[in-house]
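Colleague: My questions all concern the structure below.
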There are 2 protein chains.
Amino acid sequence: MADIGRDEIARVTVLGCGTLGASWAALFLAHGLDVAAYDPAPGLAGRAAPAIAEARAQLAELGLAGQGALRFHDRLEEALAGTDFVQENAPENEAVKRALLAEVDARLPPDILVASSTSAMLRSAIVADCAHSERILVAHPFHPPHLVPLVEIVAGSAEVAARASAFYARLGRRPVILNREMPGHIANRLASALYREAVNLVAEGVASVADIDAALCNGPGLRWAAMGPHMTYHLGGGEGGIRHYLDHLGASQVRRWASLGTPELTDAVKDRIVAGVLAEAGSRSLADLAARRDAALMGILKARIEVAGVDD
Amino acid sequence: MADIGRDEIARVTVLGCGTLGASWAALFLAHGLDVAAYDPAPGLAGRAAPAIAEARAQLAELGLAGQGALRFHDRLEEALAGTDFVQENAPENEAVKRALLAEVDARLPPDILVASSTSAMLRSAIVADCAHSERILVAHPFHPPHLVPLVEIVAGSAEVAARASAFYARLGRRPVILNREMPGHIANRLASALYREAVNLVAEGVASVADIDAALCNGPGLRWAAMGPHMTYHLGGGEGGIRHYLDHLGASQVRRWASLGTPELTDAVKDRIVAGVLAEAGSRSLADLAARRDAALMGILKARIEVAGVDD
């Protein structure tokens, strides 16, 4: 793999320009990179341009006002011409991704990295038809990637993982590297584990949906915006840190694990969750709620910039 | 329970003045309430006063600079004289709490609410020796309570739950009400469910401890500082909201749940976590890390104040 070595990235191709692709494009542009955007659906520029502009305005508010050039392309080969990096955001359909990646792989020199944003698929499945599969990686963002820093990297080699990580780190992202592929990568597995218990508490009638949500975002969620669970217990272990915590309170964690629920997502449980969420939302539309979430996320990101280094 | 009706709370007794009691005391004082503090350990004022002063300075920075009067007492009966509300923070030892609550119960008129901060115990266990157990409740904060808004309420009646909730809400807290008692209440159960998978990912060697921590606090943790998991999926369901999410993606959640790990906290796993946390901490002491966490928490709380109403 001596030919995988290009690190000067000035132009990025964004394949698939729905919500996710538009967010990626804005991030690249705000860091001064040129973006070639492609989407097979007609009317690409009309759909994507407003979303990209809105995301760029948010990034400018965070101090990122780079002026990369944006161009929309109707043909894949044009979008790939002269590119230095590819971010693929096709629909989460294995056959679609597999065919697209194979076509991209066949058209590009083997030293160009090609990153898939897939959340649901394993790298091994989607690279199956690629001749140069070693340069294809998963780089899964947490939505929306222009604001949320996480990028989960699954690569075929440590070298490719390191090169991709360096690229995303230069964009202010926080790459994390998986040593091996796992369904759901890391973050969605953690989220899913938490959600299982959240559903269990609804199913068992312990509290309202609104109160269960409030318990998270007014409690542990506030801490987890600043540090992860292992470090949290390091600070919860007193003078002895994580060693003391595990030795003295590990047993109570294990007992707690045994008491967690394994709910079934029956129609009755679904109905209860839906009724509870609608009660929690009240008169606020999805658009209202999304605007509040984004405002909160922007505020939290600004706070994190001020106290930079929290998760270093 | 017609005699449980007092709502004018001007003076609060704080029983047990370690880290938790000091944080509660600061919160009450910053809202203009008088505090009578009691702790059986000698040297109370010398230990607790600096912690209370530090927490009051943080609250002043958040705009809460009430000037309640603080008094330390060597005798329980003095700390209880004329009180309107009791917040108990004795050690997490069932016999200790049970005896203390029984003594408090015997000394106070039955219309005074007595709240235990217990995280580990069930209300039914600790009120067993109280003649007026209906006014004894669990009000479990998330540490530190002067900053983190969550208070989990477990009461013997809806009336007591509502009265206590109204009190904490006036202090800017976010009370959540459990319909029935559960080990770990809500927030620690959610945290424990997430931690089980975080430990599993370490045990399975999927990523480093630092990267697993980073995946949370740069991804879902950022969202969860603004909204809970049910509402998050409401916004992740597109136009159809939570109903669409559950009907179309509920099955993939259930499959994910089935793939989650059930790790054993063996000595080898503990060693791996400890080594990983120490690598993550690097040269930063526990005090450094705690200062960063608190600075981040303050920043996030200020951001939430600016975008108030996120979790309403």
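Colleague: Please state which one of B:Arg180, B:Arg196, B:Arg170 is surrounded by fewer than 21 Cβ atoms within 10 Å (Cβ to Cβ), of a type in the set (Lys, Arg) and at the interface with chain A (Cβ under 7 Å from one of its Cβ atoms). Before you say what the answer is, go through the steps one by one.
Modeller: Numbers: B:Arg196 fails: surrounded by fewer than 21 Cβ atoms within 10 Å (Cβ to Cβ); B:Arg170 fails: at the interface with chain A (Cβ under 7 Å from one of its Cβ atoms).
None of the others qualify; the one that does is B:Arg180.
Colleague: In addition: For the subset of the stretch B:214-229 comprising residues that are among the aliphatic types (A, V, I, L, M) and not in a helix (DSSP H, G or I), which member is surrounded by the most Cβ atoms within 10 Å (Cβ to Cβ)? It would help to see each step written out before you state the result.
Modeller: Step one: filter the stretch B:214-229 for residues among the aliphatic types (A, V, I, L, M), giving B:214-216, B:222, B:225-227.
When the remaining residues are screened for being not in a helix (DSSP H, G or I), the result is B:225-227.
Numbers: B:Ala225: 30, B:Ala226: 26, B:Met227: 24.
Checked the stretch B:214-229; the qualifying residue surrounded by the most Cβ atoms within 10 Å (Cβ to Cβ) is B:Ala225.
Colleague: Something else about it: Kindly indicate the residue of the stretch A:199-213 that is assigned to a helix (DSSP H, G or I) and more than 7 Å from chain B (Cβ to nearest Cβ) and also surrounded by the most Cβ atoms within 10 Å (Cβ to Cβ) among those meeting that condition. Steps first, answer last, please.
Modeller: Just the residues of the stretch A:199-213 that are assigned to a helix (DSSP H, G or I), to begin with: A:199-203, A:209-213.
The next check asks that each one be more than 7 Å from chain B (Cβ to nearest Cβ); those that pass are A:199-200, A:202-203, A:210.
Values: A:Val199: 28, A:Asn200: 21, A:Val202: 23, A:Ala203: 17, A:Ala210: 20.
Among those residues, the one meeting the criterion is A:Val199.
Colleague: For the stretch B:18-52, which residues satisfy the criterion of being on the phi < 0 side of the Ramachandran plot, assigned to a loop (DSSP other than H, G, I, E, B) and among the small types (Gly, Ala, Ser)?
Modeller: Filtering the stretch B:18-52 for residues on the phi < 0 side of the Ramachandran plot gives B:18-31, B:33-42, B:44-52.
Okay, now just the ones that are also assigned to a loop (DSSP other than H, G, I, E, B), so B:18, B:31, B:33, B:39-42.
Residues satisfying the conditions are B:Gly18, B:Ala41.
Colleague: Return yes or no: is A:Leu62 surrounded by 21 or more Cβ atoms within 10 Å (Cβ to Cβ) and closer than 25 Å to A:Ala10 by Cβ? Break it down into steps so the answer makes sense when it comes.
Modeller: On the way: surrounded by 21 or more Cβ atoms within 10 Å (Cβ to Cβ): no; closer than 25 Å to A:Ala10 by Cβ: yes.
No; evaluated as a whole, the condition is false for this residue.
Colleague: Taking the stretch A:218-255, which residues are more than 7 Å from chain B (Cβ to nearest Cβ) and of a type in the set (Val, Ile, Thr)?
Modeller: Passing the criteria: only A:Thr232.
Colleague: Go through the stretch A:119-146 and report how many residues are within 14 Å of another protein chain (Cβ to nearest Cβ), aliphatic (A, V, I, L, M) and buried (at least 21 other Cβ atoms within 10 Å of the Cβ). Step through it out loud before you land on a result.
Modeller: Going through the stretch A:119-146, the residues within 14 Å of another protein chain (Cβ to nearest Cβ) turn out to be A:119-123, A:138-146.
Next cut, aliphatic (A, V, I, L, M) only: A:120-122, A:138-139.
Filter once more, keeping what is buried (at least 21 other Cβ atoms within 10 Å of the Cβ): A:138-139.
Looking only at that region, the number is 2.
Colleague: Same structure again: Let me confirm something: among B:Ala214, B:Ala226, B:Ala251, B:Ala210, which residue is under 14 Å from A:Val176 (Cβ atoms) and either touching a residue at least 40 places away in the same chain (Cβ under 8 Å) or over 27 Å from the mean Cα position of the chain (by Cα) (or both)? Reasoning before the result, please.
Modeller: On the way: B:Ala214 fails: either touching a residue at least 40 places away in the same chain (Cβ under 8 Å) or over 27 Å from the mean Cα position of the chain (by Cα) (or both); B:Ala226 fails: under 14 Å from A:Val176 (Cβ atoms); B:Ala251 fails: under 14 Å from A:Val176 (Cβ atoms).
Selected residue: B:Ala210, the only one of B:Ala214, B:Ala226, B:Ala251, B:Ala210 that is under 14 Å from A:Val176 (Cβ atoms) and either touching a residue at least 40 places away in the same chain (Cβ under 8 Å) or over 27 Å from the mean Cα position of the chain (by Cα) (or both).
Colleague: Residues of the stretch B:256-272 being facing chain A (nearest Cβ under 7 Å) and either more than 24 Å from A:Ser252 (Cα to Cα) or among the hydroxyl-bearing types (Ser, Thr, Tyr) (or both), which ones? Before you say what the answer is, go through the steps one by one.
Modeller: Narrowing the stretch B:256-272 to residues facing chain A (nearest Cβ under 7 Å): B:256-257, B:259-260, B:265, B:270.
Of everything in the stretch B:256-272, those that are facing chain A (nearest Cβ under 7 Å) and either more than 24 Å from A:Ser252 (Cα to Cα) or among the hydroxyl-bearing types (Ser, Thr, Tyr) (or both) turn out to be B:Arg256, B:Ser259.
Colleague: What number goes with the only condition from (1) within 30 Å of B:Gly63 (Cβ to Cβ); (2) part of a helix (DSSP H, G or I) that B:Val160 does not pass?
Modeller: With respect to (1) within 30 Å of B:Gly63 (Cβ to Cβ); (2) part of a helix (DSSP H, G or I), B:Val160 is out only on (1).
Residues checked against (1) modelled with pLDDT under 95; (2) part of a helix (DSSP H, G or I); (3) surrounded by fewer than 14 Cβ atoms within 10 Å (Cβ to Cβ); (4) assigned by TED's automatic domain parsing to the domain that holds A:Ser208:
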{"residue": "A:Met231", "(1), (2), (3), (4)": "no, yes, no, yes"}
{"residue": "A:Ile242", "(1), (2), (3), (4)": "no, yes, no, yes"}
{"residue": "A:Leu246", "(1), (2), (3), (4)": "no, yes, no, yes"}
{"residue": "A:Pro263", "(1), (2), (3), (4)": "no, no, no, yes"}
{"residue": "A:Lys270", "(1), (2), (3), (4)": "no, yes, no, yes"}
{"residue": "A:Ala287", "(1), (2), (3), (4)": "yes, yes, yes, no"}
{"residue": "A:Ala291", "(1), (2), (3), (4)": "yes, yes, yes, no"}
{"residue": "A:Leu297", "(1), (2), (3), (4)": "yes, yes, no, no"}
{"residue": "A:Ile300", "(1), (2), (3), (4)": "yes, yes, no, no"}
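Colleague: Same structure, new question: Scan the stretch A:73-84 residue by residue and report those that are buried (at least 21 other Cβ atoms within 10 Å of the Cβ) and not in a helix (DSSP H, G or I).
Modeller: Filtering the stretch A:73-84 for residues buried (at least 21 other Cβ atoms within 10 Å of the Cβ) gives A:79, A:83.
Residue satisfying the conditions is A:Thr83 alone.
Colleague: Select from the stretch B:91-105 the residues that are in a helix (DSSP H, G or I) and more than 17 Å from B:Tyr38 (Cβ to Cβ) and list them in ascending order. If you could, list the steps in order and put the result at the bottom.
Modeller: If we filter the stretch B:91-105 for residues that are in a helix (DSSP H, G or I), which is where we start, we get B:94-105.
Once the filter is applied, which keeps residues that are in a helix (DSSP H, G or I) and more than 17 Å from B:Tyr38 (Cβ to Cβ), the stretch B:91-105 yields B:Glu94, B:Ala95, B:Arg98.
Colleague: Which condition does B:Gly219 not pass, out of (1) over 30 Å from B:Ala25 (Cβ atoms); (2) out of contact with any strand residue (DSSP E or B) (no Cβ under 6 Å at 6 or more places or on another chain), if it passes all the others?
Modeller: (2)
The values are calculated or read from the model by the stated rules, or taken from the named source; none is laboratory data. In this text, all values refer to a predicted model and were calculated from it rather than measured experimentally. Counting neighbours? That spans all protein chains shown, and the Cβs are built from the backbone with ideal geometry, glycine included.
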